[in-house]
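What follows is a single structure, written as structure tokens, with notes after it.
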Amino acid sequence: MEPLIALVVGFLAARLAGVAGVDALDAWQPSLRVGVALMFLLTTFAHFFPKLRAELVAMVPPGLPRPELLVTVTGLLELAGAVGVLIPATAGWAAAGLILLMLAMFPANVSAARRELPGATRLGPRTALQVVFVGATALTMIA
């Protein structure tokens, strides 16, 4: 739920800044990019904060090798994507990469829900959140 809050609060704060006169944020798309970036910065933090990292490592499906390395790599990709969506010249490519990353990582969420791991979101709500996250990220690609 925290990533959804970061997405919404980041978008609204950026939108208010745009209305208040920050020209770079005076449209819905750049404000949405801020919300998406904030969401991914928050999830990046989870990849490296010890307690949350342990939960993410446990979520990696058992058949995949080197779960700690996978969590590190996906965290770094999320960080790169978060920065990339804030730069207009790279925003489209970064958003596309983040969408692919979310789709690639979704099986870990399914696996965690099925194994009923601590901290895992039930599959129905997690799927709905994933649709919102992918949709918001995709909307940042609209010119």
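The values are calculated or read from the model by the stated rules, or taken from the named source; none is laboratory data. These figures come from a predicted structure and were not determined experimentally. All Cβ positions, even for glycine, are placed from backbone atoms using ideal geometry, and neighbour counts span all protein chains on display. When the accessible area is computed, the model is the full protein with side chains, heavy atoms only, and any ligands, DNA or RNA have been set aside. Shrake-Rupley method; radii C 1.70, N 1.55, O 1.52, S 1.80 Å.
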Per residue and in cubic angstrom, what volume does the convex hull of the Cα atoms of the chain have?
-> 95 Å³
Taking springs between alpha-carbon atoms closer than 10 angstrom, which of Val85, Val132, Val36 fluctuates most in the Gaussian network model of the chain?
-> Val132
What part of the accessible area of the chain, given as a whole %, is carbon or sulfur when the probe is 1.4 angstrom?
-> 75 percent
Quick one: if you take sqrt(5λ) for each eigenvalue of the C-alpha gyration tensor of the stretch 55-121, what semi-axes come out, biggest first, whole angstrom?
-> 26, 12, 9
Taking each full run of DSSP H in the chain as one helix, which ones are at least 20 Å long along their axis (Cα atoms) and have mean Kyte-Doolittle hydropathy of at least -0.5?
-> 2-19, 28-48, 67-86, 91-114, 123-139
Charge dipole magnitude, Cβ of K and R +1, D and E -1 - the stretch 1-81, Cα centre, debye nearest 20 = 140 debye
